[in-house]
1. How do Ile31, Ile17, Ile5, Ile86 line up, fewest other C-beta atoms within 10 Å first?
2. With θ set to phi - 60° and the Karplus curve 6.51 cos²θ - 1.76 cosθ + 1.60, what are the ³J(HN,Hα) couplings of region 69-74 in order, to the nearest whole Hz, using x for Gly and Pro?
3. Thr27 to Glu81: extension gain in nm, 0.36 nm per residue of separation minus the Cα-Cα distance?
4. Fewest to most neighbouring Cβ within 10 Å: what's the order for Lys72, Lys102?
5. As a test of the formula, what do you get for the chain when each DSSP H run with n ≥ 4 contributes -39,500 (n - 2.57) and the sum is divided by the residue count, at 222 nm and rounded to the nearest 500 deg cm²/dmol?
6. How much net charge surrounds Ile64 when only other residues with a Cβ under 14 Å from its Cβ are counted (Lys, Arg +1; Asp, Glu -1)?
7. For Val55, list long-range residues whose amide hydrogen, built 1.01 Å from N in the peptide plane, is under 5 Å from its own amide hydrogen.
8. Using Cβ contacts closer than 10 Å as the measure, can you line up Val55, Val42, Val19, Val9 from fewest to most?
Amino acid sequence: MRRDIFQAVADPTRRGIIVLIALQSMTPNAIAEHFDTTRQAVSKHLRILTECDLVKQEQKGREIYYSLEIDKMKEIDVWLEQFRKIWETRFNQLDSLLSTIKKNKK
C-alpha cells in the first residue's frame, strides 16, 4: 500500500523525526534516543517516511543515515498555500473592520 505525504506527517512522532533530520542526517539509533519509544517503533516510522519519499537513506560503512528530502515537503506547502490565501483575506477583512470600529469610537 502506497501512503501519501499527509499520512506521514499526521503522526507526531514522524513530525518529530522530520524536525530532527532536517538539521542533519542521523542513524535510527540516534533518532530513537530523542523519543520515549523503542528502536523498532522508530524504524517503522522511518519506513513510512521513506515510503512517502520524505526521507532518504544513505549507507555509510555499516550505518544507515536518514536525511530529509526537503523538496518533497514542498507538496505540503503547495497544498497549504490555498488556505494561506484564505487566512490572509480574512485577516485583512478583520483589520479593516477593526480600523472602522476604532474610527467610529473617536
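Please treat every number below as a calculation from the coordinates, not as lab data. Since the model is a prediction, treat every value here as computed from it, not as a measurement. For neighbour counting, all protein chains shown are included, and Cβ atoms are generated from backbone atoms with ideal geometry for every residue, glycine included.
1. Fewest to most other Cβ atoms nearby, the residues stand as Ile86, Ile5, Ile31, Ile17.
2. Karplus-based 3J(HN,Hα) across region 69-74 equals 8, 4, 4, 5, 5, 4 Hz.
3. Full extension from Thr27 to Glu81 adds 16.2 nm.
4. Lys102, Lys72
5. After summing the helix terms and dividing by the residues of the chain, the value is -21500 deg cm²/dmol.
6. +3
7. Thr50, Glu69
8. Val19, Val9, Val42, Val55
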